[in-house]
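Undergrad: Structure provided below as structure tokens; questions to follow.
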Amino acid sequence: MFLSNRDIVDLIDFRQELHRHPEVSGEEEQTARRIVDALKHLSPARIISRLGGHGVAAVFEGAAPGPTLLFRSELDALPIEEKSAAAYRSTIPGKGHLCGHDGHSTILTAVALGLSRQLPRSGRVVLLFQPAEEDGSGAAAVLADPRFADITPDFAFSLHNLPGTPLGHVALKAGPVNCASRGMKIRFSGKTAHASQPETGLSPMAAMAGLMPALTALSHGAPPDETFTLATVTHAWLGEEAFGITPGDGEVWVTLRTLVDDRMAELCARAEALAAEAASLHDLTLSTSYHDIFLHCDNAPEAVAHLARALDAEGISHDEGDLPMRGSEDFGRLRAVAPSAMFFLGSGENHPALHNPDYDFPDALIATGARIFMRVIRDLLD
């Protein structure tokens, strides 16, 4: 183990400091500053700031030529009020690190600490602290940044903690591991009226009431079935907050999921057809738009093999678990530039679920995650 007990204590303190100050997608300026401040003391060959927004990349170089390995974590938190009695709970109302990105970034900081003491013999290690994972925009923005060309990897790796899996146990498999998803906004526009004369207006109420269960009925099957689809209504609004006005406008938000990317177009077309039918039936104007677009994550067999070898060397139990999972992750975009793989590190069988208001990253996973990544580095670059 390359981390001392003192290191672990300091890393836990760092994780809890990140936890106190959550910033949502696109707003991670102070989180990035804290990451950079920590990295500066570890003497990487290069630190790239404001990568694809507030992203940070630290580059550690070996003496001899070799492959470039990229390890990625996330910076952003969630727009959810944390419910916790912890002394380090969120200090920002309505925002919380309830997906574990504070822990993931601490794991990469631990790897940086190890590399500062012993560089790889060859090649490069890029530690990418990525912004805006939660809304699906961060990985795309990082890849589009012209400076990313200088750190394009030969392999890319990531992890995510996973409640419901025994603490420290790993789920890993080749092929699809996270679903494709996107948010669809459906807006109906009609005409307001006085509440005493609703017949003189065109309300979206009936259209929305019929559409929401129809969208939900598009759901079918479960992973790993390649025909899996899931439509989840996440938000709706109708008219103004008033008793004297009938609504003239309304929106339904629905998240669409498929196991793989090439099934998404069909699901979108079916949802659009339902919305168009509802609009036509009630003489409403319809507009639709898409947001938070995630490609599916597909683990490359050769990248999985490197992770599996590291897990075996470190004596960490692993199997395929319940993969693929229904959740989405924008790490899937990294497969466009290099063979990539993500593993899932158990947070405990009875741990609160991701995005629950009482979720907190288990600090016991910091050392485990760092050991796995460091073993991959030593296996491939030393």
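Undergrad: Please list, in order along the stretch 138-144, the HN-Hα scalar couplings obtained from phi with the Karplus expression 6.51 cos²θ - 1.76 cosθ + 1.60 (θ = phi - 60°), rounded to whole Hz, x for Gly and Pro.
TA: With coefficients 6.51, -1.76 and 1.60, one gets x, 4, 4, 5, 4, 5, 7 Hz.
Undergrad: Based on DSSP loop calls and a cut-off of at most 16 other Cβ atoms within 10 Å, the longest stretch of the chain free of exposed GluC sites (Glu not before Pro) is what?
TA: Details: sites that count: 81, 226, 240, 241, 320, 349.
Excluding the exposed sites themselves, the longest stretch runs over 82-225.
Undergrad: Taking a cut-off of 16 Å, what percent of all Cα-Cα pairs in the stretch 119-199 are separated by more than that? Please report the intermediate quantities before stating the final value.
TA: Working: 2425 of 3240 pairs.
For the stretch 119-199, the fraction of Cα-Cα distances above 16 Å is 75 percent.
Undergrad: How big is the gap, in Å, between the Cα center of the stretch 182-248 and the Cα center of the stretch 11-45?
TA: After rounding, the separation between the Cα centres reads 40 Å.
Undergrad: Grab the other residues whose beta carbon is less than 15 angstrom from that of residue 35, score K and R as +1, D and E as -1, and report the net. Mind dumping the intermediate values first?
TA: Numbers: positive: 15, 20, 33, 34, 40, 46, 50, 72; negative: 10, 13, 17, 23, 27, 28, 29, 37, 74, 76, 102, 133.
Within the 15 Å Cβ shell, the charges total -4.
Undergrad: Right, next: If each residue's Cβ is checked for other Cβ atoms within 10 Å, how do 358, 330 rank with the fewest at the top?
TA: Numbers: 358 14, 330 26.
Listing 358, 330 from fewest to most nearby Cβ atoms yields 358, 330.
Undergrad: Most mobile of 122, 84, 43 per a Gaussian network model of the chain (Cα springs, under 10 Å)?
TA: The residue that fluctuates most here is 84.
Undergrad: I've got another one for you. Tally Lys and Arg at +1 and Asp and Glu at -1 over the other residues with C-beta under 14 Å from the C-beta of residue 172: what net charge comes out? Walk me through the numbers on the way to the answer.
TA: Numbers: positive: 173, 309, 375; negative: 298, 302, 312, 314, 319, 320, 322.
Every neighbour counted, the sum reads -4.
Undergrad: In which sequence would 243, 331, 14 go, from the one with the fewest C-beta neighbours within 10 Å to the one with the most? Working shown, then result.
TA: Working: 243 6, 331 28, 14 19.
Final ranking by Cβ density, sparse to dense: 243, 14, 331.
Undergrad: Mind checking which lysines have their Cα closer than 19 Å to the Cα of residue 83? Skip sequence neighbours fewer than 8 apart in that chain.
TA: In chain and number order, the partners are 95.
Undergrad: Turning to a different aspect of this structure: Can you give the helix-only mean residue ellipticity at 222 nm for the chain, where every DSSP H stretch with n ≥ 4 adds -39500 (n - 2.57) and the sum goes over all residues, rounded to the nearest 500 deg cm²/dmol?
TA: On the way: 8 runs with 113 residues, N = 382.
Roughly -9500 deg cm²/dmol at 222 nm, from the helical runs in the chain.
Undergrad: Further, regarding this structure: Using the count of nearby Cβ atoms within 10 Å as a rough guide to exposure, how do 165, 285 rank from fewest to most? Provide the component values of the computation, followed by the final result.
TA: Working: 165 20, 285 13.
Ordered from fewest to most neighbouring Cβ atoms within 10 Å, 165, 285 come out as 285, 165.
Coordinate-derived values only; no laboratory data. Computed from a predicted model, the values in this text were never measured in an experiment. All Cβ positions, glycine included, derive from the backbone under ideal geometry; neighbour counts span all protein chains shown.
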